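Peer 1: Quick one: structure below, then a few questions.
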Amino acid sequence: MEMPTDDKVFITKLSRISNYQFKANFDSPKDFEVLFDEPEPVGEGSAPSASRFLAAAVGNCLSASLSFCFEKAKIDLGDFNTVVETVMRKNEKGKWRIASIKVKLKPQIGQSDIAKSKRCLDLFEDFCIVTQSVRNGINVDVDIDLDKSE
């Protein structure tokens, strides 16, 4: 007997523009595109790389999660800036990998909301889909369908 699932699936399609430039099309918002490129000397550095998008996704997810918690706690949020520092390092096989991601969140709240913010500060990370997925590892299945042109 197959169990019902609450899985949510989204599709992202990538098309090669030239060299290492790819255009990603997202299914939501409809017809939204983003350009990726590898940094020099491999690519042209004309757009952010996938590693930079991953760093931005981690930073954005944490920022949005904390903002959401503050809103639910009725904490007035002023300016909110986030800085993500990503370290890339070669592994034992000489391949570049993301070694660490440090995220510094800088939300501005009033002095009177400091005590109320403690609960949010204790739990917001657990609600960040991207950060928790990256921390725990993601199963990625790869399938190659070669388009053989004649």
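Peer 1: Counting helices only, and only those DSSP H runs with n ≥ 4, report the 222 nm mean residue ellipticity of the chain as the sum of -39,500 (n - 2.57) divided by its residues, in deg cm²/dmol to the nearest 500.
Peer 2: -9000 deg cm²/dmol
Peer 1: So for VAL83, VAL140, fewest C-beta neighbours within 10 Å to most, what's the order?
Peer 2: VAL140, VAL83
Peer 1: Quick one: which residues, 5+ away or cross-chain, put their amide H under 5 Å from the amide H of SER49? H built at 1.01 Å from N.
Peer 2: ASP37
Peer 1: Over 20 Å between C-alpha atoms is what I'm after, so list which of LYS72/LYS104; LYS74/LYS106; LYS72/LYS118 land there.
Peer 2: The answer is LYS72/LYS104.
Peer 1: Still on this model: Taking amide H positions as placed 1.01 Å from N in the peptide plane, with prolines and chain starts having none, which residues 5 or more places from GLU44, or on another chain, fall under 5 Å of its amide H?
Peer 2: Distant-sequence amide H within range of GLU44: TYR20, GLU38.
Peer 1: If one puts a single equal scatterer on every Cα of the chain and applies the Debye formula without solvent, what log₁₀ I(q)/I(0) results at q = 0.11, 0.14, 0.16, 0.19 Å⁻¹?
Peer 2: Log10 of I(q)/I(0), two decimals: -0.63, -0.95, -1.13, -1.33.
Peer 1: While we're here: For a quick check, take a GNM of the chain with Cα springs below 10 Å and name the residue from ILE101, ILE11, ILE109 with the largest mean-square fluctuation.
Peer 2: Maximum fluctuation in the GNM of the chain, among the listed residues, is at ILE11.
Peer 1: OK, next. What is the distance, in nm, between label points placed 7 Å from the Cα along the Cα-to-Cβ direction at LYS13 and at GLU33?
Peer 2: Taking the two extended label points, one gets 1.2 nm.
Peer 1: Write out the GluC sites (Glu not before Pro) in region 1-73 meeting two conditions: DSSP loop, and at most 15 other Cβ atoms within 10 Å of their Cβ.
Peer 2: Hits after loop and neighbour filter: GLU2, GLU44.
Peer 1: By how many nm would the segment from SER133 to LEU77 grow when fully extended, if each residue of separation counts as 0.36 nm and the alpha-carbon distance is taken off?
Peer 2: Once the chain is fully extended between SER133 and LEU77, it gains 17.5 nm.
Peer 1: Pulled fully out, how much extra length does the chain show between ASP141 and ARG52, if you take 0.36 nm times their separation in residues and subtract their Cα-Cα distance?
Peer 2: In short, 29.9 nm is gained.
Peer 1: Could you work out the per residue convex hull volume over the alpha carbons of region 55-138, in cubic angstrom?
Peer 2: 93
Peer 1: Loop by DSSP (not H, G, I, E, B), at most 11 other beta-carbon atoms within 10 Å: where is the longest site-free stretch of the chain for trypsin sites (Lys or Arg not before Pro)?
Peer 2: Longest gap between qualifying sites, sites excluded: 96-147.
Rule-based calculations on the coordinates, nothing more; no lab input. Please read all numbers here as calculations on a predicted model, not as lab measurements. Backbone-built Cβ (ideal geometry, glycine too); neighbour counts: all protein chains shown.
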